[in-house]
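K.L.:
Just passing along the structure, written as structure tokens.
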Amino acid sequence: MTLGQESVAVAPPREAATAVSIAVVDENEFFRAGLVHFLSAEESFTVVTQSGTTAEAEAALPALRPDVVLVGVAHTDAGAPQDVARLRACTPDTRVVVLLARDDPFAVRGMLGAGVHAVLPRHVSPQELAGAVRVVACGSDRLVLSLSSRTLDGLQETTAPGLLTAREVEIVELVAGGLRNSQIARHLFITEGTVKRHLSNVYAKLGATCRTDAVCRAADRGLIPGATAEHAPPGLAPVQPTGGGSRSGHGVAGYVITSTASTPGSRDS
């Protein structure tokens, strides 16, 4: 959701007092046009605006207050749930339907945490999409999920605490030790791309925005041991607990965020 397309208002094509008003958000102009064409052809739907980015949608939605916003998510990185959450915040009464390009439990969990009302695959059939829009538009408290059995099994996992797998915990510990992705890959005999995928999953599960934030949140939940001065990740300095258990600075779980330059001895090579 990063293209610079301007929001385009779409005039209601027909008189339909009970029509479901819909906003469409997707960075792919071709895919977005297809969605608008299909939805506009439905007698019970009216597309009131379309946008190429969530930022453009945020500017348009408060005035329009559509019944449903349909969001295409092509890249399920840690920032995607935050983008969707901002859309929810700018028009709280609007129902959110997400079309995910990546069908996996971590992406779905991240979207559910952002407060969406339906999660569907990007290749959903027109009939299934229309049905999901109608269900969420009626204002019920139902969630509409269209998932593979593999993803459903993943959502039902009860790995605790924090829903991190053993491998993900291992990688966060190595990040806390100051290792870069390439070094972690060599250490674990996996590819650097696999390391990045695991970290993306960690970000989504913990609600983290970066490596430093992930380490802080993992430590706060007791997923990794407290760091020592020797193994503090770049940009973090360990904090010694006080008698009252309080910590100074902007930090959590025994860490205070500092500038990388001011962290002596941090390993980044």
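The values are calculated or read from the model by the stated rules, or taken from the named source; none is laboratory data. Fair warning: this is a prediction, and the values are worked out from it, not measured in the lab. Using ideal geometry, Cβ is built from the backbone for each residue, glycine included, and neighbour counts are taken over all protein chains shown.
K.L.:
What is the residue count in region 36-49 for residues that are assigned to a helix (DSSP H, G or I) and either small (Gly, Ala, Ser) or not assigned by TED's automatic domain parsing to the domain that holds MET111 (or both)?
P.N.:
Filtering region 36-49 for residues assigned to a helix (DSSP H, G or I) gives 36-41.
Adding the requirement that they be either small (Gly, Ala, Ser) or not assigned by TED's automatic domain parsing to the domain that holds MET111 (or both) leaves 40-41.
Result for region 36-49: 2.
K.L.:
Answer yes if at least one residue in region 74-84 is touching a strand residue (DSSP E or B) at 6+ places or on another chain (Cβ under 7 Å), crowded, with 18+ Cβ neighbours inside 10 Å and without any contact (Cβ under 8 Å) to a residue 60 or more places away in the chain, and no otherwise. Explain how you work it out, then say what you get.
P.N.:
Residues of region 74-84 touching a strand residue (DSSP E or B) at 6+ places or on another chain (Cβ under 7 Å): 76, 80, 84.
Checking which are crowded, with 18+ Cβ neighbours inside 10 Å leaves us with 76, 80, 84.
From what is left, the residues that are without any contact (Cβ under 8 Å) to a residue 60 or more places away in the chain are 84.
Scanning region 74-84 turns up at least one residue that is touching a strand residue (DSSP E or B) at 6+ places or on another chain (Cβ under 7 Å), crowded, with 18+ Cβ neighbours inside 10 Å and without any contact (Cβ under 8 Å) to a residue 60 or more places away in the chain.
K.L.:
Consider ARG86 against the criteria (1) of a type outside the set (A, V, I, L, M); (2) in contact with a Ser or Thr (Cβ under 6 Å, 6 or more places away or on another chain); (3) closer than 26 Å to ALA33 by Cβ: it satisfies all of them except one. Which criterion is unmet?
P.N.:
(2)
K.L.:
Can you tell me which residue in region 192-209 is surrounded by the most Cβ atoms within 10 Å (Cβ to Cβ), limited to those that are of a type in the set (D, E, K, R) and within 20 Å of GLN82 (Cβ to Cβ)? Lay out the reasoning, then the answer.
P.N.:
Going through region 192-209, the residues of a type in the set (D, E, K, R) turn out to be 192, 196-197, 205.
From the residues that got through so far, the ones that are within 20 Å of GLN82 (Cβ to Cβ) too are 196-197, 205.
Details: LYS196: 15, ARG197: 14, LYS205: 24.
Looking at residues that are of a type in the set (D, E, K, R) and within 20 Å of GLN82 (Cβ to Cβ), I get LYS205.
K.L.:
Let me ask something else. I'd like the full set of residues that are in contact (Cβ under 8 Å) with a residue 12 or more places away in the chain, in a helix (DSSP H, G or I) and farther than 16 Å from ALA166 by Cβ, limited to region 183-208. Walk me through how you get there before you give the answer.
P.N.:
Going residue by residue through region 183-208, those that are in contact (Cβ under 8 Å) with a residue 12 or more places away in the chain are 184, 187-188, 195-196, 198-208.
With in a helix (DSSP H, G or I) added as a condition, the list becomes 184, 187-188, 195-196, 198-206.
Result: LYS196, SER200, TYR203, ALA204.
K.L.:
Tell me which residues, restricted to region 16-35, are surrounded by fewer than 20 Cβ atoms within 10 Å (Cβ to Cβ) and within 21 Å of ALA59 (Cβ to Cβ). Walk me through it before giving the result.
P.N.:
The initial filter retains those residues of region 16-35 that are surrounded by fewer than 20 Cβ atoms within 10 Å (Cβ to Cβ), namely 16-19, 21, 27-31, 33-34.
Answer for region 16-35, where residues must be surrounded by fewer than 20 Cβ atoms within 10 Å (Cβ to Cβ) and within 21 Å of ALA59 (Cβ to Cβ): SER21, GLU27, ASN28, GLU29, ALA33.
K.L.:
I would also like to ask the following. When you scan region 185-197, do you find a residue that is closer than 21 Å to VAL98 by Cβ, in the same structural domain as GLY207 (by TED's automatic domain parsing) and at pLDDT 85 or above, even just one?
P.N.:
Keep residues of region 185-197 that are closer than 21 Å to VAL98 by Cβ, which gives 197.
When the remaining residues are screened for being in the same structural domain as GLY207 (by TED's automatic domain parsing), the result is 197.
Cutting the leftovers down to at pLDDT 85 or above gives us 197.
Among the residues of region 185-197, at least one is closer than 21 Å to VAL98 by Cβ, in the same structural domain as GLY207 (by TED's automatic domain parsing) and at pLDDT 85 or above, which makes the answer yes.
K.L.:
Now for a separate question. Give the number of residues within region 36-52 that are charged (D, E, K, R) and surrounded by 16 or more Cβ atoms within 10 Å (Cβ to Cβ). Working first, answer last.
P.N.:
Here is the first cut: in region 36-52, the residues charged (D, E, K, R) are 42-43.
Imposing the further condition that a residue be surrounded by 16 or more Cβ atoms within 10 Å (Cβ to Cβ) reduces the set to 42.
Of the residues in region 36-52, 1 are charged (D, E, K, R) and surrounded by 16 or more Cβ atoms within 10 Å (Cβ to Cβ).
K.L.:
In region 50-142, which helices (runs of 4 or more DSSP H) lie fully inside it and hold 2 or more residues that are at pLDDT below 90 and either within 23 Å of GLU29 (Cβ to Cβ) or not hydrophobic (A, V, I, L, M, F, W, C) (or both)?
P.N.:
Numbers: elements: 54-64, 79-90, 105-113, 126-137.
Passing ranges, in order: 79-90, 105-113.
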